[in-house]
1. In this structure, is residue 49 of a type outside the set (S, T, N, Q), in contact (Cβ under 8 Å) with a residue 12 or more places away in the chain and in contact with a Ser or Thr (Cβ under 7 Å, 6 or more places away or on another chain)?
2. If residue 3 satisfies every condition in (1) modelled with pLDDT of 95 or more; (2) closer than 27 Å to residue 142 by Cα but one, which is the exception?
3. Assess whether residue 151 counts as being touching a Leu at 6+ places or on another chain (Cβ under 6 Å) and over 16 Å from residue 68 (Cβ atoms).
4. Answer yes or no as to whether residue 60 is in contact with a Lys or Arg (Cβ under 8 Å, 6 or more places away or on another chain), under 19 Å from residue 103 (Cα atoms) and of a type in the set (D, E, K, R).
5. Filtering region 1-28 down to residues that are among the charged types (D, E, K, R) and under 20 Å from the mean Cα position of the chain (by Cα), which residue is most open to solvent (accessible area, probe 1.4 Å)?
6. Scan (1) surrounded by fewer than 21 Cβ atoms within 10 Å (Cβ to Cβ); (2) in contact (Cβ under 8 Å) with a residue 60 or more places away in the chain; (3) closer than 19 Å to residue 147 by Cα for the single condition residue 63 breaks and write down its number.
Amino acid sequence: MTIDDQQQLFIKMAIDAWNIQIERTNKLFNSLSDDDLKQQVAPGRNSGVYLLGHLTAVHDALFSLLGLGERLCPHLDEIFVKNPDRSGLQQPETKQLRNYWNEVNGKLGNHFNNFSVQEWFQKHTAISDIDFQKEPYRNRLNVLLNRTAHLANHLGQLIFLKK
């Protein structure tokens, strides 16, 4: 197996892991009512609505971090990234958050499927050229692996909303 074949295999494994977590999260979100999502995953913890908004905002940030163009929902950061749940800030309707979630992840999936092997191993936008020369593992693929783990973590919390 050549290095190129190994890189392609590794990328496929990473994208498959991302897609599996997205599918599992979609299935869970689709099985929960808006009222279910208003509940806290555990006493004193985040609500499902907050986690939906948080995950959407974090995934939306991938557009700029991976150099894919303008973000779709930058307005969600203030509510779901920079502030905790129950901050008193006005949240979008749950239906709108569900739409944002689907739109963001659908467009990301299209980009991910169209990246070449070389593009996956390019630096992301939050690292300088000098630092990337020293740490070439800080690339787009590493970001995808990180965000997949982040999603899996929150999916583990969201499962507690299932009755």
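1. Details: of a type outside the set (S, T, N, Q): yes; in contact (Cβ under 8 Å) with a residue 12 or more places away in the chain: yes; in contact with a Ser or Thr (Cβ under 7 Å, 6 or more places away or on another chain): yes.
The answer is yes for residue 49.
2. So residue 3 meets the others, but not (1).
3. Details: touching a Leu at 6+ places or on another chain (Cβ under 6 Å): no; over 16 Å from residue 68 (Cβ atoms): yes.
In short, no.
4. Values: in contact with a Lys or Arg (Cβ under 8 Å, 6 or more places away or on another chain): yes; under 19 Å from residue 103 (Cα atoms): yes; of a type in the set (D, E, K, R): yes.
Yes, satisfied.
5. From region 1-28, those among the charged types (D, E, K, R) are 4-5, 12, 16, 23-24, 27; that's our starting set.
From what's left, under 20 Å from the mean Cα position of the chain (by Cα): 12, 16, 23-24, 27.
Working: 12: 113, 16: 62, 23: 119, 24: 133, 27: 155 Å².
That would be 27.
6. It fails just one condition, (2).
Each row is one residue, and each column tells you yes or no for (1) assigned to a helix (DSSP H, G or I); (2) among the small types (Gly, Ala, Ser); (3) under 16 Å from the mean Cα position of the chain (by Cα); (4) crowded, with 18+ Cβ neighbours inside 10 Å.
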position: 30; (1), (2), (3), (4): yes, no, no, no
position: 58; (1), (2), (3), (4): yes, no, yes, yes
position: 74; (1), (2), (3), (4): no, no, yes, no
position: 77; (1), (2), (3), (4): yes, no, yes, no
position: 83; (1), (2), (3), (4): no, no, no, no
position: 95; (1), (2), (3), (4): yes, no, no, no
position: 98; (1), (2), (3), (4): yes, no, yes, yes
position: 126; (1), (2), (3), (4): no, yes, no, no
position: 131; (1), (2), (3), (4): yes, no, no, no
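The values are calculated or read from the model by the stated rules, or taken from the named source; none is laboratory data. Remember, it's a predicted structure, so these values are computed and weren't measured experimentally. Positions of Cβ are backbone-derived with ideal geometry, glycine not excepted, and every protein chain shown enters the neighbour counts. Surface areas here come from the heavy atoms of the whole protein model, side chains and all, with no ligands, DNA or RNA. Shrake-Rupley method; radii C 1.70, N 1.55, O 1.52, S 1.80 Å.
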